[in-house]
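The values are calculated or read from the model by the stated rules, or taken from the named source; none is laboratory data. Given the structure is predicted, the values throughout are model-derived calculations rather than measurements. Surface areas here come from the heavy atoms of the whole protein model, side chains and all, with no ligands, DNA or RNA. Shrake-Rupley method; radii C 1.70, N 1.55, O 1.52, S 1.80 Å.
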Amino acid sequence: MTSLGSNDSVIAGKNAALISSSSSVPVMTTHNNNNTIGQDKLALNHDGDPNPSAHQDLRTPTKYEDIYAFRSYPLNAPLPEMTFGPKAFMLGFKNGTALRDPADQHLGWYAPPTSVLVVKKDMDETVTDKFKAIVQWLLTERKLQVYIEESDRHQHGVAGDPTFRDTLQKLRTIDIGNPRVALRNRLSCEIHFSETNTVEKHVVLNEIVVDRGPSAFITNLEVTCNDRHVTNVEGDGLIIATPTGSTAYSLASGGCMVHPSVPSILFTPICPHALAARPVILPAGVHLKIQTSNSARGPMWISVDGRSRQQLSNDD
């Protein structure tokens with residue numbers, strides 16, 4: 001057991017150095033695998049003078065590294081090994097323990113590029129003129145070999161332009177083939193306004209948020225699923241999310257993450273005031289209706305994908 005004075009300090013570790021702030025002579029003691037002090041004993045009085053009979057098995061470190069042997073590893077994570085093939089490298093990158101700002105990382109080339117692929121938005125004639133201007137600039141100014149998609153060569157705005165025919169002959173085409181397509185479920189939202197008797201329609205990719213807005217009172221929402229009353233949500237609000245939006249606001253409110261290929265609707269209350277109000281995953285084909293309860297003390301606000309935020313009345 002170690003007895004310390006009022007001005008003594010201990011540095012713990014695999015090889016821990018016990019140093020008295022009043023004495024200039026550091027001494028070393030060892031810990032076993034269970035982080036408990038072993039057979040070595042050290043007694044210090046209030047003046048910081050060690051008892052010679054108590055530390056006869058201890059040794060005085062002779063090297064600077066011995067005192068800080070327990071800090072033999074860096075605190076930062078190891079830097080990643082960045083490889084970009086035989087033609088590129090990370091510009092100005094040096095190995096070290098300092099963390100780099102991503103804004104300071106730039107990609108360099110061992111040799112200037114000789115070819116470039118230009119991808120045009122398909123079936124959109126509004127970008128055709130800009131597409132042709134970029135291709136001509138790359139050919140004439142940068143002297144690069146330009147590749148375009150096979151489908152772009154046969155579009156009317158490209159193939160039908162007589163001033164672009166000479167340039168079109170110098171281009172090489174690449175056939176991407178049948179790319180894989182990732183389908184994402186979206187929600188169809190309708191907001192019915194009782195005062196104007198109008199309907200506002202939205203297509204939602206992430207989530208619909210119904211909350212109490214700037215009101216200091218909690219909201220009380222009546223939720224109906226397929227024309228059947230399900231529950232009343234009392235709290236800060238409610239999130240109706242898609243699997244794509246399950247990793248955003250819904251996840252921060254306690255909802256779970258859902259794979260984008262799973263057809264479903266996430267029902268996530270925001271700070272509910274009832275233990276029974278918990279996140280629920282509903283089938284993708286259900287019809288939900290949300291309305292302010294008659295006992296609510298404030299109006300509800302709605303936003304779609306973080307936009308079109310507006311206040312709704314009790315009958316909306």
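Provide E150, E190 ordered by accessible surface of protein heavy atoms (probe 1.4 Å), highest first.
Order by accessible area, largest first: E190, E150.
Leaving ligands, DNA and RNA out of it, rank F131, F193 by accessible area with a 1.4 Å probe, largest first.
F193, F131
Order Y110, Y147, Y249, most accessible first, counting only protein heavy atoms with a 1.4 angstrom probe.
Listed by decreasing accessible area, they come as Y110, Y249, Y147.
Could you sort out which of K132/K170; K143/K170; K120/K170; K87/K121 sit more than 19 Å apart by Cα distance in this structure?
With Cα atoms farther than 19 Å apart: K87/K121.
Just to confirm, what accessible area per residue do you get for the range 145-255 at 1.4 Å probe, in whole Å²?
With the other protein chains kept in place, the range 145-255 gives 60 Å² per residue.
Where Rh denotes the Kirkwood radius from the mean inverse Cα pair distance, what is Rg over Rh for the range 155-297?
Rg/Rh: 1.24.
Quick one: accessible surface of C271, probe radius 1.4 Å, all protein chains present, in square angstrom to the nearest 10.
Using a 1.4 Å probe on the heavy atoms, I get roughly 80 Å².
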